[in-house]
């Protein structure tokens, strides 16, 4: 009897019991018609070869284990960062079930989004009825201050016109005429979730700056910050705000999910919490400058911003020493506010920590995968620590990203052997890790399959993280964030060292 | 459980009235048909009194998914030695990647492909020019990457049906080209009103593209059964299989948790189909009954009373040897059941439970709660049909609140007003519920636990419900300096 009430065994240990092992073996032998163990072993070994790698890289049509999602995921994330805002997706309802689950699994939070549930009849006649009813119902039930509409690929393929549909819905009094309903077309067959984020932020700003009323910019002293799609947004946005508050900068964070995706447990469910207010979003046209923290999440938005006469600056995820320096100096330059001594001390403490640990990092090889901005930041930080980024991969990275990543690697002797892989997936990375292995992998939870296959330890530092809890509640931005990233990397380095040898099982490292 | 006891019908009817008042008139009328309380009339006829399997109302935050989720996510995805293509844009496959916890034995990427996300990653040009050529090429590439695969399925995402691709023609061509099973599935997400049509379409694809396409050489036996519609969530199908084997049956196919294509192909040679999730695979059972004369029996392996009842019901289809063994199996596990009850029942007795799950569990798990002395006060299906609600009347008390395709708003209000001791639903519902201070277990994924099937699973089920309800954290929600 494998089970007992005294010590209940679940899947983790139950299936190790002899009764189950026997069941597996007998099922396999009698019923499964699987390939022989020898054939499996041979193929397993073959996938580790250069020959397999070449075939793998010759793929033109099949994508296997990509590290990217689709546009509307980024769009609903962007929309959630505004006060009292209900993200609304025009199209199939299944997509919305997926976005909600995907974000909830990472943030461990409720993710309210509505769909207007288009089905076959809408595929034939268009989704106008759905949007008229959908906006009315969503407004009545959930009492939002704003509804932000994006689309699924179904609505895009049949060519539904959001601008016209929303106007009709307002004529039919689904929502009051002056109720804000910004929108963005977010076809999932173009770009990725980072594109969707960009389109949606642009759509929201455009709504307030141009559609609601044609505003003329009256530049003041404030600056705008656009954080970009970030799984660590909860903590990173707070860290950015802390810096800006410390410096005495007036600012608007455009799209801030740090409250709504990190609500307390105290007996009340907050469907809406925090976020950029509508007044701030409207007023953001009057900023003297807009800083994007993630260039590749904001290409189109920054074009819009620049067209309003604002100064612009775009960074690639301010993580690490140089990236944080550059961000703070730019803020200082744009606002005339000095970087205070307290922040300089934080910087010094980070440098101190890296100095203390550099011997354990120097020359360690890393594979990094994730979104374009994250991978650039991670690579830069690894170079600063004397690590060697060997493979840098972004499934949703394009030519511009590739050029930037190559230039970054070329800027340091530690990047000399680094290779950049734009548009490749994690099955490509598997081949790379077998043929040109690294000491560590940095990426998302999807990397756990690579870790299992190759034995190379995974360090989870980017979205999505499903299988570890609460990482996103601590920042990776800024000097404090970099310190935390350093510690996560070091912990894996020391764990590997401890597990590798009984002789060098040192008490002090 | 005693169905003679009742839940508070008047209170629940009041709640329904309250939530409907918040809707605009048209939506209130539509939603009103999906909310009710279970009643039994004087003649003893029971009803849940709700309409079901109808389009969701736009904008209300339905919890439902789509046909693709029903086909790729539920029926096809677990078949381990086939490569399943998410055909269309990247998202659908990405969000469903490794999320159903269909356990299997095998080497990923070599002879098993369950925890992989394989997609044609449609770009704009594929929408404009069609994706058939890409699919054709992709199948060759996959066959080269994964030569030990036994077949390939094409799981259609929304655009496929809208742009007029002919995936059936591609499949026919590739069957010849690669000499393996290739299955086109028309499970575009806009079809139907929920996951449910995806199950049906997936069943039909097995009928049309798997059955009779090969001639499995197979020595049949008198006790051959198929274990149908157990997706092996957290390993569910394995304790189930053990029980069936212990009672002397030979499980020749597991559908589709931990299944190989061979197990699907030989199914029509079995003597009996045992179906767990009626909603998702009744179609293929009916087909096998009509075409191959294989009877089917619904069973329920959640909780000891239903397990014993089911073992006897299954055994009744066979001879006395099997019947005797079934009794031995029940007797063998009695001490374990007694231990589980002794340990957990005192901690769970009298606790109120609300469920909102898929197409089987809103009724199937209810007796497992009853076994532990808990009381189901409300239940509903994401994508149940009328026959599911009919079956539900055998499981729940009069006065139980019934909600079909519940909206986020309704569920939240019901939970807030009823204040159950436990809610069993999905990831989308989990965090809102917990923040209200109400214990919660995910009842799709078993909240990363399981298995819950069989006697071995019941111990885990009881432990998990206890953990959720009796966690010390619930007493810490209010800051002590706040007035009560």
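The values are calculated or read from the model by the stated rules, or taken from the named source; none is laboratory data. Quick caveat: nothing in here was measured; it's all calculated off a predicted structure. Glycine also receives a Cβ, built like all others from the backbone with ideal geometry; neighbour counts cover every protein chain displayed.
Odds and ends about this structure:
- For first residues located in segment B:14-26 and at pLDDT below 95, partners that are assigned to a helix (DSSP H, G or I) and lie 6+ apart or on another chain with Cβ distances below 8 Å do not occur.
- Residues in segment B:454-466 include at least one that is touching a residue at least 24 places away in the same chain (Cβ under 8 Å) and more than 10 Å from chain A (Cβ to nearest Cβ).
- Filtered residue count, segment A:423-442, keeping only those that are at negative phi and within 14 Å of chain B (Cβ to nearest Cβ): 10
- Candidates B:74, B:108 - the one that is in the same structural domain as residue B:204 (by the TED database) and in contact (Cβ under 8 Å) with a residue 12 or more places away in the chain: B:74
- Some residue of segment A:129-141 being in contact with a helix residue (DSSP H, G or I) (Cβ under 7 Å, 6 or more places away or on another chain) and part of a loop (DSSP other than H, G, I, E, B): no
- Taken together, the residues in segment B:87-115 that are closer than 30 Å to residue A:191 by Cβ and more than 8 Å from every other protein chain (Cβ to nearest Cβ) amount to 6.
- Some residue of segment A:41-53 being within 30 Å of residue B:122 (Cβ to Cβ), in contact with a strand residue (DSSP E or B) (Cβ under 8 Å, 6 or more places away or on another chain) and not in a helix (DSSP H, G or I): no
- Residue within segment A:160-174 that is closer than 18 Å to residue B:164 by Cα, in contact with a helix residue (DSSP H, G or I) (Cβ under 8 Å, 6 or more places away or on another chain) and crowded, with 24+ Cβ neighbours inside 10 Å present: no
- Test: residue in segment B:232-250 that is surrounded by fewer than 22 Cβ atoms within 10 Å (Cβ to Cβ), within 18 Å of residue A:33 (Cα to Cα) and within 11 Å of another protein chain (Cβ to nearest Cβ): yes
- Residue A:489 crowded, with 19+ Cβ neighbours inside 10 Å, part of a helix (DSSP H, G or I) and either touching a residue at least 60 places away in the same chain (Cβ under 8 Å) or more than 14 Å from every other protein chain (Cβ to nearest Cβ) (or both): yes
- For segment A:233-256, the set of residues classified as assigned to a loop (DSSP other than H, G, I, E, B) and in contact with a strand residue (DSSP E or B) (Cβ under 9 Å, 6 or more places away or on another chain) consists of A:249, A:250, A:254, A:255, A:256, listed by residue number.
- Members of segment B:236-269 found to be assigned to a loop (DSSP other than H, G, I, E, B) and over 24 Å from residue B:328 (Cα atoms), listed by number: B:257, B:258, B:259, B:260, B:266
- Residue within segment A:164-183 that is within 25 Å of residue B:195 (Cα to Cα) and either facing chain B (nearest Cβ under 9 Å) or in a loop (DSSP other than H, G, I, E, B) (or both) present: no
- Identity of the residue in segment A:123-144, over 31 Å from the mean Cα position of the chain (by Cα) and more than 7 Å from chain B (Cβ to nearest Cβ), that ends up farthest from residue A:85 (Cα to Cα): A:124
- For segment B:414-444, a residue qualifies if it is facing chain A (nearest Cβ under 10 Å) and either touching a residue at least 60 places away in the same chain (Cβ under 8 Å) or in contact with a strand residue (DSSP E or B) (Cβ under 7 Å, 6 or more places away or on another chain) (or both), and the qualifying residues are B:415, B:426, B:427, B:428, B:429, B:430, B:433, B:434, B:438, B:444.
- Of everything in segment A:63-103 that is closer than 30 Å to residue A:432 by Cα and assigned to a loop (DSSP other than H, G, I, E, B), the residue that is farthest from the other protein chains (Cβ to nearest Cβ) is A:67.
- Selection within segment A:113-145: residues that are surrounded by fewer than 23 Cβ atoms within 10 Å (Cβ to Cβ) and in contact (Cβ under 8 Å) with a residue 60 or more places away in the chain. The member of this set that is farthest from residue B:409 (Cα to Cα) is A:145.
- When residue A:60 is tested against (1) assigned to a helix (DSSP H, G or I); (2) surrounded by fewer than 24 Cβ atoms within 10 Å (Cβ to Cβ); (3) without any contact (Cβ under 8 Å) to a residue 24 or more places away in the chain; (4) facing chain B (nearest Cβ under 7 Å), just one condition goes unmet, and that condition is (1).
- Residue-level analysis places residue A:312 among those that are assigned to a strand (DSSP E or B), at pLDDT 95 or above and assigned by the TED database to the domain that holds residue A:197.
- Qualifying residue in segment A:15-22 (condition: more than 25 Å from residue B:429 (Cβ to Cβ), in contact (Cβ under 8 Å) with a residue 40 or more places away in the chain and facing another protein chain (nearest Cβ under 7 Å)): no
- There is at least one residue in segment A:111-119 that is within 8 Å of chain B (Cβ to nearest Cβ), modelled with pLDDT of 95 or more and on the phi > 0 side of the Ramachandran plot.
- Residue within segment B:148-159 that is in a helix (DSSP H, G or I), under 13 Å from residue B:68 (Cα atoms), facing another protein chain (nearest Cβ under 9 Å) and at pLDDT 95 or above present: yes
- Of all residues in segment A:346-359, none satisfies being buried (at least 19 other Cβ atoms within 10 Å of the Cβ), at pLDDT 95 or above and farther than 27 Å from residue A:508 by Cα.
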